Amino acid sequence: MPRPLAPLLIALLGMFTAQQLLAPTLGSLSAQFTLSPTQLGLVFTVGSLAVTVSSPLWGWAFDRFGPRPVLLAGAGLSLAGLAGFAAASVLVLDETLTPALTFALALFFRSFLLGAGISAVSVAALAVAGRTPEVLRTTAVGLVGAAQGLAVVVGPVIGGLLAVGSLLMPVYVAPVLGLLFLVWVLVAVKPEAVALPRPEVREPPQELVRVFGVGVLTYLSFVLVHLSATSLALDRRLSGESGTLAVTATVVVLAIGVVLTQGVLVPVLRWPAGRLTQNGTLIVVAGCGLLAVAGSTEMAAVAALVLAVGFGFALTGFFAAATLGAGPGRLGLVAGACGATAGLANLVVPPLVPVLHWVSPVAPVIAAGALAALAAGLALWAPRNVTPAAPQSSV
C-alpha cells in the first residue's frame with residue numbers, strides 16, 4: 001500500500017462506516033418520523049443528488065487547495081449531518097416537530113449535508129490514489145474501493161447490533177464516530193503526507209470520453225444488479241423455505257466478494273487498468289447470465305461471486321484508467337467526475353427497477369447484462385497508434 005494513502009483510507013473507512021450505521025434503523029425511524037414510503041425514497045434520492053452535484057465541486061477544490069482542506073470540509077459536513085439527524089430524531093420522539101419540519105430536517109441533514117460531506121472524503125481519497133506511480137495505480141484505486149465496500153458491509157452489521165439495545169443507539173454513535181475521524185484527519189493527514197510524485201499523462205484527453213462511457217455503463221449495471229438481486233432471489237423459483245437464505249447468500253457474497261476482489265485480488269494480480277476493465281465487464285456479463293437462470297440458493301451464490309469479481313475488476317479499472325488520462329492538475333476534477341458517475345447511477349436506476357421487475361423478475365438482471373455487454377464492447381474497442389498527450393505543466 002502506498003504509505004501516504006493509508007491515513008486517507010482509514011478516514012474513508014471510518015466516515016463511510018458512520019454513515020452506514022444508520023442503514024438498519026432508517027426503515028423503523030421513518031415510521032417514528034411519520035414519513036411515507038415516497039418521502040423515505042426522496043431521502044435517498046436527495047442524498048444521491050448531493051453526491052452527484054458536489055463531487056465535481058470537491059474535485060475542483062482538490063486541484064485548487066489540495067487534499068487536506070477537502071478532507072476537513074467533507075468530514076466536518078458529514079459530522080454536521082450525522083449530529084443534526086441525531087438531534088432531529090430526539091425531537092421527533094419527543095413530539096416536538098411537525099411532520100413537515102421532520103421531513104425537511106431529514107432531507108437537509110441525512111441527505112444533503114451527509115451526502116455532500118461523504119462525497120468529499122471519497123473524491124479526495126481517489127484523487128490521492130491517482131497520484132501514485134502507474135505501476136501501483138490499480139492497487140491504490142482498488143484499496144479505495146475496498147475501504148468503501150468494507151464500510152458498506154460492516155456498518156449495517158454494527159448498526160443492527162447497536163439497535164438491539166435501542167433504536168436510537170446507532171443514531172447516537174454515528175456522530176461520535178464521525179467526530180473521532182474528523183480528529184483523525186486533523187492529526188494524521190498532513191499536507192506533506194499526501195504530496196505524492198505527479199504522474200505523466202499516458203493517454204490523450206479524448207480517451208476520457210471512452211473511459212467514462214465504460215464507467216457509466218458499468219455503474220448502471222452494478223446498481224441494477226445490486227437492487228434487483230434481492231427481489232430475484234425472492235422470486236418463485238427461489239421461494240419457499242430457502243427464500244431468506246437465498247437473499248442473504250446473494251447479497252452477502254456480492255458485497256464481500258467485491259471488497260475482496262478490490263482489496264486483495266487486484267493488488268495480487270497487478271493487471272493494468274485496461275485489462276481489468278475488459279475482463280471485468282466480460283465476467284459481469286457471464287455473472288448476469290448465471291443469475292438470470294439460477295434456480296437454487298447455491299447457484300445464486302455462485303452467480304453473485306462471479307458478479308463480485310467482475311464488478312471489482314471493472315470498477316477498479318474504470319477509476320484507474322480515468323486518473324491515468326488526467327493531467328497532474330486535473331486529478332481532482334476527474335475523481336469528482338467519477339464520484340458523480342456513481343451518484344448519477346444511483347439516481348437513474350432505482351425508479352427503473354420496479355418497472356423492469358413488473359415486466360419480469362429477471363428483466364433487471366438481463367438489462368444489467370446488456371449494459372455490461374455494451375461496456376465490454378466499448379472497453380475492447382481501443383484506438384490504436386494513439387500519440388500520448390504531453391504532460392501538463394504544474395501550476
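Taking the criterion of being hydrophobic (A, V, I, L, M, F, W, C), more than 16 Å from L5 (Cβ to Cβ), in contact (Cβ under 8 Å) with a residue 40 or more places away in the chain and open to solvent by 80 Å² or more (accessible area, probe 1.4 Å), the residues of the range 168-191 that qualify are L179, L180, L186. Within the range 117-134, the set of residues being in a helix (DSSP H, G or I), open to solvent by less than 10 Å² (accessible area, probe 1.4 Å) and among the small types (G, A, S) comprises G117, S119, A120, A124, A125, A127, A129. Consider the range 1-48 and keep the residues that are of a type in the set (S, T, N, Q) and closer than 18 Å to Q148 by Cβ. The one that is surrounded by the fewest Cβ atoms within 10 Å (Cβ to Cβ) is S48.
Can you confirm whether the range 82-90 contains a residue that is on the phi < 0 side of the Ramachandran plot, at pLDDT below 90 and either part of a loop (DSSP other than H, G, I, E, B) or not hydroxyl-bearing (S, T, Y) (or both)?
yes
If the condition is being β-branched (V, I, T) and over 22 Å from Q278 (Cα atoms), then the range 332-379 contributes V348, V349, V353, V355, V359, V362. Between A100, A86, A104, the distinction of being open to solvent by less than 70 Å² (accessible area, probe 1.4 Å), of a type outside the set (D, E) and either within 14 Å of S119 (Cα to Cα) or without any contact (Cβ under 8 Å) to a residue 60 or more places away in the chain (or both) belongs to A104 only. Of all the residues in the range 333-353, those that are open to solvent by less than 10 Å² (accessible area, probe 1.4 Å) and farther than 18 Å from E134 by Cβ number 4. Quick check, is G47 among the small types (G, A, S), modelled with pLDDT under 90 and assigned to a helix (DSSP H, G or I)? So G47 fails the test.
Criterion applied to L150, L179, L101 was being in a helix (DSSP H, G or I), under 21 Å from the mean Cα position of the chain (by Cα) and of a type outside the set (F, W, Y), and the one residue passing it is L150. Among the residues examined, L245 does not qualify as farther than 19 Å from G130 by Cα and either surrounded by 24 or more Cβ atoms within 10 Å (Cβ to Cβ) or modelled with pLDDT of 95 or more (or both). From the list L12, L29, L71, L21, the one residue that fits, being more than 16 Å from the chain's Cα centre (by Cα) and under 20 Å from V121 (Cα atoms), is L71.
The values are calculated or read from the model by the stated rules, or taken from the named source; none is laboratory data. As the structure is a prediction and not an experimental result, all values here were calculated from the model. Methodologically, a virtual Cβ is constructed for each residue, glycine included, from the backbone with ideal geometry; neighbour enumeration extends over all protein chains shown. Remember, those area values only see protein heavy atoms, side chains included, never the ligands or the DNA or RNA. Shrake-Rupley method; radii C 1.70, N 1.55, O 1.52, S 1.80 Å.
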